[in-house]
Amino acid sequence: MSRLLILVEGITEERFVHAVLAPHLYNYGYSEVSPKLLGDSRMNKNRGGIRSWPSARKDIIKHLKADKKRLITTMVDYYALPSTGDKSWPGRGEASRLLFSEKPSRVQQAILQDIERELGGDFYPARFPPYVVMHEFEGLLFSDCKAFGESIGRPELVEDLTKVRRQFETPEEINDSRLTAPSKRVEAIIQGYRKPRMGTLAIQSIGLATVRQECRFFNEWLGKLEQWPKQTMSTTN
C-alpha cells in the first residue's frame, strides 16, 4: 500500500488535508495520507507561514531520505514564496515575469531540479511532485462563491465574493499583491474571517469535484497523487 506525506505551509492546509484530501485519496489505494508543517513547528510560534527555501529544502530532503518508499509533495502558496535574496525559492523570481499559465510549472520544475541536485543519482524524481497553490489556498474557495458564503453562515456576502470571482477567468488567477491576494480579498469582505476553521468549512461545502473543475493546476496535482498507487503497484508486480 502506498503512503503519502504532504508538506504544507500552515494550519489551514493541514486541516484541508485531514478533512478533505486524505478521505478522497484513500479511495485510490493509499494506506496513509498525512500532512506536516514545513520546518520545525515547535520553532514557529504561529505554526505555519512559508519558510525560506534553504530551510524548506533541508526539511524536504530529510523526509525524502527518511522514507524512500513514501510519496512526498508540497502544498505552499505561490503568493508568499520569497522571490529574491537568500530566502528565495527556486524559479519564483523568474516566474513573476512569465504568463500566468507558465508560473506554477516554472516554480515546481525549479524546486524539483534543486532537490535532484542535492540528492544526486539515487533520487527517483517521481517520488517528489512539488505543488504550489496559485495564488493562495483561499483562491480555491472562489470555485463556488455561493457555497463559500453559505457554508460560513454569511450568505449576504455571496454577491461580494462573486464580484471578485468575475474579474478573473479562473479562481487560480486571483492575484498576489499584498492588497489583492485571495486571503486579503476574503478578509476585506468577511470581517472576522478565521482562516483554518472557515476555510475548512468552505472547502468541504464546495467539494473537490467543483474545485477540480474550476482550478486546472490543482486538478493536475491531484491527478498525479491519484495515479501514484497504480504506478507503484505496476512496478512491483
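The values are calculated or read from the model by the stated rules, or taken from the named source; none is laboratory data. Bear in mind that the values here come from a model prediction, so they are computed numbers and not experimental data. A quick note on method: Cβ atoms are made from the backbone with ideal geometry, for glycine too, and the neighbour counts reach across all protein chains shown. The accessibility values were calculated without ligands, DNA or RNA, using every heavy atom of the protein model including side chains. Shrake-Rupley method; radii C 1.70, N 1.55, O 1.52, S 1.80 Å.
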(message) If you restrict to DSSP beta bridges whose two residues both lie in the chain, what percentage is antiparallel, to the nearest 5?
(response) 5
(request) Provide the gained length on full extension for the span Glu159 to Ala209, in nm with one decimal, where the gain is 0.36 nm per separating residue minus the Cα-Cα distance. (result) 15.8 nm
(message) Place a point 7 Å from the Cα of Phe168 along the Cα-to-Cβ direction; which residues of segment 185-201 have their backbone N under 16 Å from it?
(response) 185-190
(request) Report, ordered by chain and residue number, the lysines lying within cross-link reach of Lys230, taken as a straight Cα distance under 16 Å and ignoring same-chain residues fewer than 8 apart. (result) Lys69
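Using a 1.4 angstrom probe on heavy atoms only, work out the carbon and sulfur share of the accessible area of segment 1-146 in %.
Values: 3050 of 6590 Å².
Reported share for carbon and sulfur atoms: 46 percent.
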(message) Taking amide H atoms as placed 1.01 Å from N in the peptide plane, list the residues 5 or more away in sequence, or in a different chain, whose amide H sits under 5 Å from that of Ser88.
(response) Trp53
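Could you order peptides 82-91, 6-15, 117-126 by the average number of other Cβ atoms within 10 Å of their residues, highest first? Show your work: numbers first, answer last.
On the way: 82-91: 15.9, 6-15: 22.8, 117-126: 11.0.
With the highest mean Cβ count within 10 Å placed first, the list reads 6-15, 82-91, 117-126.
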(message) Beyond a 24 Å Cα-Cα separation, which of these cross-linked pairs lie in this structure: Lys62/Lys184; Lys68/Lys224; Lys62/Lys224?
(response) Lys62/Lys184
